[in-house]
1. Run the quick spin-label model on ILE120 and PHE462: label points 7 Å from Cα toward the beta carbon, then report their separation in nm to one decimal.
2. Enter the accessible area of ILE109 (Å², nearest 10), with the probe set to 1.4 Å and all protein chains included.
3. Between TYR313 and PHE339, how many nm apart are label points set 7 Å from Cα along the C-beta direction?
4. What per residue convex hull volume, in Å³, do the alpha-carbon atoms of region 73-225 yield?
5. Note down the Stokes-Einstein diffusion coefficient of region 381-441 in µm²/s, whole number, using a Kirkwood radius over alpha carbon pairs, 37 °C, and 0.692 mPa s.
6. Heavy atoms only, probe 1.4 Å: what % of the accessible area of region 49-148 goes to carbon and sulfur, would you let me know?
7. What distance in nm separates the simple spin-label points at LYS224 and THR347, each placed 7 Å from Cα in the Cβ direction?
8. Of all accessible surface on region 182-279 at a 1.4 Å probe, what whole percent is carbon and sulfur?
Amino acid sequence: MATTQQEMSKLTANTTSWWKDPGRRKLNLLLVIALVSSATNGYDGSLMNGVQSIPYYLSYFNSPAGSTQGLLNAIQPVGGLVSLIIAPYMADYGGRKWTIFTGCAIVVIAGIVQCLSINIHMFIAARFLIGLGSGFSGLGSPLLITEVAHPAERGILTALYNTQYYFGAFLGGWITFGTLYIPSNWAWRLPSLLQAAPSFFQLLLVILLPESPRWLMSRGKDEKALEILAKYHANGNREDPLVRFEYAEMKASIAQGEQKGRWSDLFATKGNRYRVFICLACGVFSQFSGTSIASYYLANILNALGYENDPTYKNLLNAFILMANMFEAWFWACMVDRFGRRPLFLTAGCGMCCTFATWIALTARSTQDPSNLGYGKGVIAMIFFHNFFYNFAWISLNVSYPLEILTFKIRANGLLLQNIGTYICLFLSQYTIPIGIKAGGWKFYFFFQGWLFIQVVVVYFFFFETRGATLEEIAKTFDGAEAVEEVKMRAVQAEGVHDIREDDAYDEKRGANDQGVTHVNEVNEKHL
């Protein structure tokens, strides 16, 4: 029997471009609603960078610094951590769609509270609620996108999810730059209120999203799942070969996984323990890459470089950095299926090691010779270059790669662990950066340089290629070929799926896909 990967390659070989297919066009437009979830976190980082340069904010809250400044930033991921106690259960029992709805509702309320804050404690509480709400929507959205997307667009769509962080940051950066000129406390209140805008947009439209077919099957709603697959993947044709194949494969893999995974399942097999390791690695490396220094504390960096009394320059630079990041991230997210995941991860890690080392050296020289503005300009240039390499992989693949390697049974809980790693490291970096810079200056940066070296080593030895594979086929890398064969046999027994090697109509069209599959197998065999 042909492998699942080859069968899927055949079935997708004849697919037209998504914009020419009514069902897929509608589906991809609807998935934009879920993609917006990541924008909330991006807006948050940009907001805090921007308002710290607004005189009215500094005056109203008595210029928070040190541990207070760290807490203002770090309390948001604390809210995200708290959300993860409940969010996976809501995603598995209530559905992906309603998990998004709950999160968006909390963020909208939090945005209003943040805008109306009368003291620093109320502002901190609102930021906790923003973290709580974005934790719910940030778990439900990527799950839904991965599980409902058409196979031809799944890689790009899941990669695009986290890049919307920069879209939110881009909006926040330019909004805080614009409100800088409002001669009242609305200079910071208005951008605080507008933080709820992306979630409010989702709140109005999330009801239009289709629910995950895999989740529906796990709840015994097979007919509804088939209806969604047919409607969006084949324009209502339930007998379409791709739809029947997807349906059978999902049904078989869910039956094999006994529908709902337990926490112990994350560590029950060697393959699952490997998946957990990669999920945690993604969470840690995405936050300990040095980018958080400029993402949340650009104002501090510029103060040290001699731009302390120029809030216009600070906000304008922040906005331009975010705009560059957004376009870079979108571009590389669209390249994940062309170049593969592993080459992008390795390029990102090696590039960041070089740029951050240069960043440290220039910062040290600027500290020793503050009259020479060339060093400071060099630091600003390195921020752009460092973000450029980061955007190769760690903004687009940070969420999509774990989602690809996790099986349905442990997908929600595995993504939870990835989020836990992300939020803990985000909290540690945001809380300790102002303290570390104050205590150790540029020497504190070596903490992140060390993690960049660790990142390159771990990616080289432990990250596998997944380009061209179905979600079920990726299990072969972790669980062995026998696991995939069992899923395939269950699919054949359940639905009578024929061996599509017999269908010669696809043979001439499948060349490019099969070459990609062969490349993936060769890379992983050499890697092993």
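The values are calculated or read from the model by the stated rules, or taken from the named source; none is laboratory data. A quick note: this is a predicted structure, and the numbers were derived from the prediction, not measured. For neighbour counting, all protein chains shown are included, and Cβ atoms are generated from backbone atoms with ideal geometry for every residue, glycine included. Calculation scope for accessible area: heavy atoms of the full protein, side chains included, ligands and nucleic acids excluded. Shrake-Rupley method; radii C 1.70, N 1.55, O 1.52, S 1.80 Å.
1. Once both label points are built, they end up 3.9 nm from each other.
2. 100 Å²
3. Between TYR313 and PHE339, the simple spin-label model gives 3.3 nm.
4. Details: hull volume 16.6 nm³, N = 153.
Considering the Cα atoms of region 73-225, their hull volume per residue is 109 Å³.
5. Values: Rh = 13.8 Å.
It diffuses with D of about 237 µm²/s by this estimate.
6. Values: 2240 of 3030 Å².
Roughly 74 percent of what the probe reaches on region 49-148 is carbon or sulfur.
7. Computed distance between label sites LYS224 and THR347 equals 4.2 nm.
8. 61 percent
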